[in-house]
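Heads up: the structure comes next, in structure tokens.
What follows is calculated from the coordinates using simple rules that are stated; it is not laboratory data. In this text, all values refer to a predicted model and were calculated from it rather than measured experimentally. All Cβ positions, even for glycine, are placed from backbone atoms using ideal geometry, and neighbour counts span all protein chains on display.
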Amino acid sequence: MSTKISLDQWQALIAVVDEGGYAAAAEALGKSQSAISYAVQKIETELGIRAFTLEGRRAKLTETGDMLYRQAKLLLEEAGRIENSAIQSSHGWEPLVRLAADALFPRQQALCALVTLAEESPLTRVEFQETVLSGSEEALLRHEADVVVTGRVPPGFMGDHLMRVRFIAVAAPDHPLHQKGELSLEDLRAHRQLVIRDSGKRRLDSGWLGAEQRWTFSYGGSRREALLRGLGFAWAPETEVEEDLEAGSLKPLPLKEGEERYGDLYLVYADGQYAGRAARFLGESLKASCRNPDTDP
């Protein structure tokens with residue numbers, strides 16, 4: 001489809017409005033005043049409209065001209081984005097990078113890495129999904145992510161170790177389990193356990209003790225609120241409950257064994273050694289965020 005009006009002509013119309021007149025527009029664009037006048041006249045003639053009316057020596061937009069001005073600005077902005085996108089693609093930046101990160105990975109650190117990517121490649125779009133248990137692995141196997149933070153590296157992939165997550169068995173201070181002294185597995189099974197639902201289709205029950213009294217949450221923040229209300233106990237990531245432990249609103253359970261558990265998180269590229277520049281940059285930024293976890297996004 002061919003168009004009657006060129007981008008240069010639309011730019012001339014915009015400049016007349018933004019600069020306050022033909023002479024100022026000509027100076028801003030480095031063109032002659034006659035060239036600017038011709039460009040605006042071309043728009044009016046080809047489209048059969050009046051973009052400006054003269055009030056003294058000043059050009060004023062008509063209602064139609066105002067509509068054209070606003071639409072033309074959007075058109076030029078979009079043209080600029082297309083050019084920048086093409087330039088970035090020629091330099092190896094992908095237009096889209098998809099990150100799937102296990103919810104155990106600190107959100108603050110993920111955001112730090114995404115901010116770093118945005119500063120380096122602002123036109124690269126990002127899709128960020130937080131997963132639980134097998135969710136990241138499934139996103140990798142189904143080609144739904146380019147960069148994955150997962151607790152398990154599936155066969156056929158290589159992964160770099162990012163961090164070790166410490167889990168602590170906790171409950172609210174007034175929970176009955178804190179009145180029993182040293183606790184055994186049977187003591188725990190008699191009480192309600194709060195667990196997080198697997199976001200993958202495998203529906204793994206990591207850490208569940210088999211107790212009938214089980215409440216399942218899809219979000220760690222909701223599980224934390226239930227813990228604070230004394231509605232059950234859980235093995236929670238230290239990063240999730242650290243402030244509550246310091247404040248005394250949650251307390252570690254005095255278990256005979258298994259008071260602490262550990263899980264490891266790995267960084268995996270879906271395309272391995274062929275990962276694109278943006279995906280590789282994001283991965284390196286995630287590693288850096290683990291080396292400097294206190295950096296603000």
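Summary of computed values
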item	result
Protection-proxy order for peptides 135-141, 63-69, 167-173, each taking the mean of Cβ atoms within 10 Å per residue, highest first	135-141, 167-173, 63-69
Cα→Cβ-extended label distance, 7 Å offset, between Q273 and K256, nm	5.3
H178-S218 FRET efficiency (beta carbon distance; Förster radius 22 Å; 0.05 resolution)	0.20
Shape of the chain, Cα gyration tensor, a/c cut at 1.5	prolate
Linear extension gain, R197 paired with D18, 0.36 nm per residue minus alpha-carbon span	58.9 nm
Förster radius 51 Å - calculated FRET efficiency between A118 and T45, Cβ distance, rounded to 0.05	0.70
Electrostatic dipole magnitude of the chain [Cβ: Lys, Arg +1; Asp, Glu -1; Cα centre; debye, to 20]	620
Whichever lysines have a C-alpha closer than 26 Å to that of K251, once near sequence neighbours (fewer than 8 apart) are set aside	K180
Under-5 Å amide H pairs with S121, H placed in peptide plane, nonlocal only	none
Bins of 5 Å from zero: percent of alpha-carbon pairs in segment 56-188	2, 8, 11, 12, 10, 10, 9, 8, 7, 6, 4, 4, 3, 3, 1, 1, 0, 0, 0
Hydrodynamic radius (Kirkwood) for segment 1-99, which is based on Cα pairs only, to one decimal in Å	14.9
Helical contribution to [θ] at 222 nm, DSSP H n ≥ 4, -39,500 (n - 2.57), averaged over the chain, rounded to 500	-13000 deg cm²/dmol
For segment 97-297: relative contact order, % (alpha-carbon pairs under 8 angstrom, 6 or more apart)	35
Eligible lysines near K31 by straight Cα distance, threshold 17 Å, same-chain separation 8 or greater	K42
